[in-house]
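Below: one structure, written as structure tokens.
The values are calculated or read from the model by the stated rules, or taken from the named source; none is laboratory data. If you're wondering where the values come from, they're calculated on a predicted model, not measured in any experiment. For neighbour counting, all protein chains shown are included, and Cβ atoms are generated from backbone atoms with ideal geometry for every residue, glycine included.
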């Protein structure tokens, strides 16, 4: 095992696959100068500008190029500087990459990876701070993952590059420097398998990306108050491992779903609906969703802190749930 950051783990996965398979290349606005978050550091020096392609600010162009290259047998890894920029290449993502295998009757696959830095905390304001994964989870044909540990980052990116379907990697901008143990050598982390990050008996906290960290912190706070919280990191949004969620909620009888995206229409609503539809008899209280406010992400740091959900919001939701449940029973 080695200790490294998420950024270093992603770099190790990308470099390892470029060494293993000459069909793998990376492309994006900043790949040629080591990447905005350091993931492509020194790759151009090692592999040259034919496999590390720095582009103009032209998401529609290089994402479209990646789709075409994947259809011809290459394995592109395309990086947008911010998830917010998917707006200018949505046709390439949702009508080409996601649909091509179906539209050709399985004759053509699109083995491409789309790396999307997302999230709050850097005071980047309305056009550079969003969490737009819910737009993509609505599109059949895409696989979507959100690693939050260095181990998962390396294993999931490796699996994504080897996958024959288009895969979206959601990477939180504030989490690139998180450190953790990573297995040496080659390995993959399978999609469609959630991870229970903490065992508990009273309530299940469900999240992905940075909200898993907030849920773990909230669980520590609640433990001191006599509340045992289990934390489930779904880490794979599509496909979703509902079996692990169901096992946890069936045990605790309560569920709080934490998402950093805007609460209205967020992917947490899909998870909440599946819990309510399939586990109604096991629930001791209604499912609670936590998410960002239904406004544009603000620039001022005090407003940004109030806009996005945090540890205190998760803990407060659990306390309110337990309090209201107690009042109802009384």
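Taking the stretch 113-135 as the range and being closer than 27 Å to residue 303 by Cα and either under 13 Å from the mean Cα position of the chain (by Cα) or outside any loop (DSSP other than H, G, I, E, B) (or both) as the test, the residues that pass are 116, 117, 118, 119, 130, 131, 132, 133, 134, 135. Screening the candidates 84, 91 for the property of being surrounded by fewer than 23 Cβ atoms within 10 Å (Cβ to Cβ), part of a helix (DSSP H, G or I) and in contact (Cβ under 8 Å) with a residue 40 or more places away in the chain yields one hit, 84.
Mind listing whichever residues of the stretch 9-24 are crowded, with 24+ Cβ neighbours inside 10 Å and under 15 Å from residue 113 (Cα atoms)? Break it down stepwise before answering.
Of all residues in the stretch 9-24, those crowded, with 24+ Cβ neighbours inside 10 Å come to 9-11, 13-14.
The answer is 10, 11, 13, 14.
Does the stretch 151-166 contain any residue that is under 18 Å from residue 260 (Cβ atoms) and surrounded by 21 or more Cβ atoms within 10 Å (Cβ to Cβ)? Can you show your working first?
Initially, the stretch 151-166 is screened for residues under 18 Å from residue 260 (Cβ atoms), giving 152-153.
Next, only the ones that are surrounded by 21 or more Cβ atoms within 10 Å (Cβ to Cβ) stay: 152-153.
Yes, some residue in the stretch 151-166 is under 18 Å from residue 260 (Cβ atoms) and surrounded by 21 or more Cβ atoms within 10 Å (Cβ to Cβ).
Taking the stretch 153-211 as the range and being assigned to a helix (DSSP H, G or I) and over 21 Å from residue 311 (Cβ atoms) as the test, the residues that pass are 153, 154, 155, 156, 157, 158, 159, 160, 161, 162. Is at least one residue of the stretch 1-9 in a loop (DSSP other than H, G, I, E, B), in contact with a strand residue (DSSP E or B) (Cβ under 7 Å, 6 or more places away or on another chain) and at pLDDT below 95? Within the stretch 1-9, one or more residues are in a loop (DSSP other than H, G, I, E, B), in contact with a strand residue (DSSP E or B) (Cβ under 7 Å, 6 or more places away or on another chain) and at pLDDT below 95. When the stretch 243-288 is filtered for residues that are under 23 Å from residue 323 (Cβ atoms), under 18 Å from the mean Cα position of the chain (by Cα) and surrounded by fewer than 19 Cβ atoms within 10 Å (Cβ to Cβ), only 263 remains. Residues in the stretch 31-44 that are farther than 15 Å from residue 177 by Cβ and either surrounded by fewer than 17 Cβ atoms within 10 Å (Cβ to Cβ) or not assigned by TED's automatic domain parsing to the domain that holds residue 81 (or both): 33, 42. Could you please let me know if residue 300 is over 23 Å from residue 194 (Cβ atoms) and surrounded by fewer than 21 Cβ atoms within 10 Å (Cβ to Cβ)? Considered against the rule, which asks whether it is over 23 Å from residue 194 (Cβ atoms) and surrounded by fewer than 21 Cβ atoms within 10 Å (Cβ to Cβ), residue 300 comes out as yes. Do we find a residue being more than 21 Å from residue 129 (Cα to Cα), in contact with a helix residue (DSSP H, G or I) (Cβ under 7 Å, 6 or more places away or on another chain) and surrounded by 15 or more Cβ atoms within 10 Å (Cβ to Cβ) anywhere in the stretch 315-326? Yes, there is a match, as at least one residue in the stretch 315-326 is more than 21 Å from residue 129 (Cα to Cα), in contact with a helix residue (DSSP H, G or I) (Cβ under 7 Å, 6 or more places away or on another chain) and surrounded by 15 or more Cβ atoms within 10 Å (Cβ to Cβ). Of all residues in the stretch 48-65, those satisfying the criterion of being buried (at least 19 other Cβ atoms within 10 Å of the Cβ), in contact with a helix residue (DSSP H, G or I) (Cβ under 8 Å, 6 or more places away or on another chain) and in a helix (DSSP H, G or I) are 59, 63.
Among the residues making up the stretch 66-78, those that are more than 22 Å from the chain's Cα centre (by Cα) and either assigned to a helix (DSSP H, G or I) or closer than 15 Å to residue 163 by Cβ (or both) are 68, 69, 70, 71, 73, 74. For residue 291, the conditions (1) closer than 24 Å to residue 170 by Cα; (2) surrounded by fewer than 15 Cβ atoms within 10 Å (Cβ to Cβ); (3) touching a helix residue (DSSP H, G or I) at 6+ places or on another chain (Cβ under 8 Å) all hold with the exception of (2).
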